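Quick notes on the structure that follows.
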Amino acid sequence: MDKFIEMVKNLNPTVSIVLLSAVVIIGIVLFAKFLSNLIKMAIIGVMLLFILYFLRQMGVF
């Protein structure tokens with residue numbers, strides 16, 4: 001672990017900016033994929049609620 005810390009301390013500023021940018025982009029992409037699935041599930045849930053509501057209004061349930 002000490003070698004890793006020394007390597008990070010001795011990095012060129014340009015290299016550190018590129019590495020930091022790569023980590024941020026990967027984080028955003030993974031979060032967007034998680035958020036996309038969450039939004040899809042929320043939309044499906046709301047659609048089911050609307051279907052049940054309208055069926056109840058028609059007297060089916």
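Report the label-to-label distance for ASN12 and MET41 in nanometres (one decimal), using points 7 Å from each Cα along the Cα→Cβ vector.
4.4 nm
Using Cα atoms only, what is the angle between the long axis of helix 13-57 and the major principal axis of the chain, expressed in degrees (0 to 90) to the nearest 10?
10 degrees
For the chain, what does the equivalent ellipsoid look like in terms of its semi-axes, each the square root of 5 times an eigenvalue of the Cα gyration tensor, given largest first in whole Å?
53, 10, 5
Read-outs throughout are calculated quantities, based only on the coordinates presented, and are distinct from any laboratory measurement. What you are looking at is a predicted structure, and each value in this text was computed from that prediction instead of being measured. Note that we place each Cβ from the backbone using ideal geometry, even for glycine, and neighbour counts take in every protein chain shown.
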